[in-house]
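Structure first, commentary second.
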Amino acid sequence: MPRTLSIARARIAVALCLALFALALSLPAAAAPTFTILHTFSGVGADGAQPQGGLLQDIAGKIHGETQLGGLNGVGTDWVMSSSGSTFNTLYNFGATAIDGQAPTGGLRNLVGDAEVTGIDFGVAQSGGSFGLGTVFIADQLGNEITIHNFTGGTDGGVPVGRLLPWVDGSYYGTAADGGQYGYGTVFRIAGNGSFKVLHAFNLSDGANPLGGLQYGNDGNFYGSTVGGGKFNEGVVYKISPTGSFSVIYNFTGGTDGGGPQEALATDFHGNLYGTTSLGGTGRVGTIFRVNQWGSFTTLYTFPTASDGTNPKGSTPLASLTLSTIDCDRDLFTTPAQVRRLIWQRATGRAFTFGGSAPVVLYGSTTSGGNATNSGVIFSFNVSTKTYTILYAFSGSDGAVPDGKLLASFDGNLYGTTTAGGANGVGVVFKIGGVLSSAAPLRGTFQGIHRIH
């Protein structure tokens, strides 16, 4: 049985969120966006290179992330920084042992609730481990890291690249892009002590190779996508219950609806799911789409030319879409000074629902396009008006290939990373201000067992 960090003995309270709500406070601010580089990676010494997988903000406001390369062993790091960028520390260098994970790209999840568990991160590494096919790990802010599962590439799967999703019983749900009974990947559940269970093995006809993680639905199920497989071998959107009941709700055709979705979905308070495809659409370089829990599908936007960004990959394409100023790892808030946290009690067995009305604004990135440097853009998309707006276009020296999920912070800023570009060519951490508005009050009714701090 794998060891667990002593700090993790405390009762786990899972952060309550239906990722990416469109709240009233998500309206774009009138001020012009401002772009700031907070950290430039060097790949030298303990500093990492090529950050990927999105960011996490803890209850103290610090920002956590990963790099897939660099560090003392050259195979990735776990790092933390202040939101201003004034302090930056590498917490862990992957590859410290022969069986350690390597190339962490899924993004971190933080255990929040009781004070003594703050700062414990769960994550996945897509390679390394005992079998070279990835790991699930726990890391703390003291630089300790423990592997709690080594993927074998057999029935458990291999190459986990999607972010883990916390559940009310203290377990985490995730996906492996390869392996499994049929060789096309798996959906799994893992507890903090390493107890592991495969919930579904993809068989090509029902999807293949899930590159993104799972997302909460407002019906108590999880939702995800695969980059391939399905009826037309262009990927699917699927639904799976916490116990493993599985169904495909949409098969991509590769036509105007797009194909090859690579990242996690976003959900609004009506239960609609939002995502991107890396291929297809009328421009054949990707789409933004909406699908409900019963499979009713709408293509919201097609990326047509390099001038407005191409190839959106992922849960924001290679990054997921971020919907509003709430991130699944953070708080609901009315103003930056009034942070309110809702924590699921372990007794509840399903996600809460949020009732209210507000414009749905999606934030995302593309890995290319934008200008002559073809370095990618950060964009917003108003679902109601179908308005696509470039918030920032990268030029290479300030970063390139932004393929990590954006963090919408309670301080009103967007935070993100690029895997390339910057002064050293191996990526940056950046902040975009003047985009999110926190002036409007929080509206809605929360249902479910929770407590408010």
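Can you say whether Asp169 is farther than 22 Å from Asn209 by Cβ and buried (at least 23 other Cβ atoms within 10 Å of the Cβ), as far as the supplied structure shows?
no
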Going through Leu56, Leu25, Leu18 one at a time, which residue ends up being crowded, with 23+ Cβ neighbours inside 10 Å, hydrophobic (A, V, I, L, M, F, W, C) and at pLDDT below 85? Leu25
Out of the residues in segment 94-122 that are touching a strand residue (DSSP E or B) at 6+ places or on another chain (Cβ under 6 Å) and small (Gly, Ala, Ser), which is modelled with the lowest pLDDT? Gly113
Just the residues that are of a type in the set (Ser, Thr, Tyr) and in contact with a strand residue (DSSP E or B) (Cβ under 8 Å, 6 or more places away or on another chain), please, taken from segment 190-244. Tyr216, Tyr223, Ser225, Thr226, Tyr238, Ser241, Thr243
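Out of segment 226-248, which residues are among the aliphatic types (A, V, I, L, M) and buried (at least 18 other Cβ atoms within 10 Å of the Cβ)?
Hits for segment 226-248 are Val227, Val236, Val237, Ile240.
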Among the residues of segment 402-422, what is the count of those that are farther than 18 Å from Gly61 by Cβ and in contact (Cβ under 8 Å) with a residue 60 or more places away in the chain? 8
Determine if segment 224-237 includes at least one residue that is under 21 Å from Pro166 (Cβ atoms) and hydrophobic (A, V, I, L, M, F, W, C). no
Within segment 132-145, can you find the residues that are crowded, with 24+ Cβ neighbours inside 10 Å and in a loop (DSSP other than H, G, I, E, B)? Gly134
Can you tell me which of Tyr223, Tyr216 is farther than 19 Å from Tyr184 by Cα and buried (at least 22 other Cβ atoms within 10 Å of the Cβ)? Tyr216
Could you check segment 45-81 and list, in sequence order, the residues that are in contact (Cβ under 8 Å) with a residue 40 or more places away in the chain, part of a loop (DSSP other than H, G, I, E, B), among the charged types (D, E, K, R) and farther than 27 Å from Ser395 by Cβ? Asp58
If you check Ser42 against the conditions, is it in contact (Cβ under 8 Å) with a residue 60 or more places away in the chain, more than 17 Å from Arg163 (Cβ to Cβ) and among the small types (Gly, Ala, Ser)? yes
I'd like the residue in segment 180-206 that is touching a residue at least 24 places away in the same chain (Cβ under 8 Å), farther than 30 Å from Ile120 by Cα and aromatic (Phe, Trp, Tyr) and, out of all such residues, is surrounded by the most Cβ atoms within 10 Å (Cβ to Cβ). Phe202
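This table checks each residue for (1) at positive phi; (2) of a type in the set (Val, Ile, Thr); (3) modelled with pLDDT of 95 or more.
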site: Gly207; (1), (2), (3): yes, no, yes
site: Gly244; (1), (2), (3): yes, no, yes
site: Gln262; (1), (2), (3): no, no, no
site: Thr267; (1), (2), (3): no, yes, no
Residue tally, condition assigned to a loop (DSSP other than H, G, I, E, B), of a type outside the set (S, T, N, Q), within 24 Å of Phe232 (Cα to Cα) and more than 22 Å from the chain's Cα centre (by Cα), over segment 146-205: 3
Scan segment 375-389 for residues that are in contact (Cβ under 8 Å) with a residue 60 or more places away in the chain, crowded, with 18+ Cβ neighbours inside 10 Å and either of a type in the set (Gly, Ala, Ser) or outside any strand (DSSP E or B) (or both) and jot them down. Gly376, Ser380, Val383
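The values are calculated or read from the model by the stated rules, or taken from the named source; none is laboratory data. Quick caveat, the model's predicted, so the values are computed rather than measured. No Cβ is skipped: glycine too gets one built from the backbone with ideal geometry, and neighbour counts run over all protein chains shown.
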